[in-house]
Amino acid sequence: MAAKLIYLMLTSLDGYTEDERGQFGWATPDDDEVHTYVNELGASISTYLYGRKMYETMVYWETAHQVPNQPKLVLEWARQWQAAEKIVYSRTLAAPTSARTRLERTFDPEAVRLLKASAEQDLAVAGPELAAQALRAGLVDEMQLILFPVVVGGGKRFFPAHWPASLTLIEERRFANGVVAMRYAVGG
């Protein structure tokens, strides 16, 4: 069976992955219950597809284990991220700064289709701009939204503009801190 491509992001209740100033501090899974869930999601991912901005945010995890007194859940996520393959799509990034990372100058939907077909585990696309390209190319099989109970009023949207879709709810999970995780099959 071919691997799935999953669009996975933390988002505000009103559908933004960052606010109008580019900030997303409100979307930190600092609650143990939520972080455990995020780690469980990450355990099934073998490869992450990132644009430059998302990669520059996520590359923190390459050295997170070196920060003193990190909680066990943080160290577990860092190990998962370090073990995964990463593909960064960027015309401006000079070179990746993490292991197991390759740079592609353009997003090639056919190459991603082949990658999905040959992968033994699921792949994740993160970052709304790159995800929009994958969604429009019909590559995304599943969406995993982790909704934080905050309304930011504007910023970078989770869903691309002018992308109508039929989604089927696979799972919904509520956490004690008000965060809600939802998984949807795309096109179902």
If the viscosity is 1.306 mPa s and the temperature 10 °C, what Stokes-Einstein diffusion coefficient in µm²/s follows for segment 5-186 when Rh is the Kirkwood radius over Cα pairs?
-> 94
In a shell of Cβ-Cβ distance under 14 Å around TYR184, excluding TYR184 itself, what net charge do Lys and Arg (+1) and Asp and Glu (-1) give?
-> -1
Fraction of antiparallel bridges per DSSP, segment 5-186 only, in percent to nearest 5 | 40
What is the distance in Å between the Cα centres of segment 117-137 and segment 71-95?
-> 15
So which lysines pass the test for LYS116, namely a Cα distance under 22 Å, with those fewer than 8 places away in the same chain ruled out?
-> LYS4, LYS86
Considering only DSSP states other than H, G, I, E and B, which trypsin sites (Lys or Arg not before Pro) in segment 60-167 qualify as loop sites with at most 15 other Cβ atoms within 10 Å?
-> ARG91, ARG100, ARG105
Straight-line reach check, LYS156, cutoff 18 Å on alpha carbons, 8 or more apart in-chain or any other chain, hits among aspartates and glutamates -> ASP14, GLU18, ASP19, GLU20, GLU56, GLU129
Kindly provide the GluC sites (Glu not before Pro) of segment 25-133 that DSSP labels as loop, not H, G, I, E or B, and whose Cβ sees at most 14 other Cβ atoms within 10 Å.
-> GLU120
Cα-centred dipole magnitude for segment 1-94, charges only on beta-carbon of K, R (+1) and D, E (-1), debye, nearest 20 = 520
Short version: ³J(HN,Hα) in whole Hz for each residue of segment 138-148, in order, from phi by Karplus 6.51 cos²θ - 1.76 cosθ + 1.60 (θ = phi - 60°), x for Gly and Pro, what are they?
-> x, 8, 7, 9, 8, 10, 10, 9, 10, 8, 9
For segment 29-34, Karplus-derived ³J(HN,Hα) couplings (6.51, -1.76, 1.60; θ = phi - 60°; whole Hz; x for glycine and proline) come out as x, 7, 7, 4, 5, 5
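Only the coordinates and a few stated rules stand behind these numbers; no lab work does. Fair warning: this is a prediction, and the values are worked out from it, not measured in the lab. Methodologically, a virtual Cβ is constructed for each residue, glycine included, from the backbone with ideal geometry; neighbour enumeration extends over all protein chains shown.
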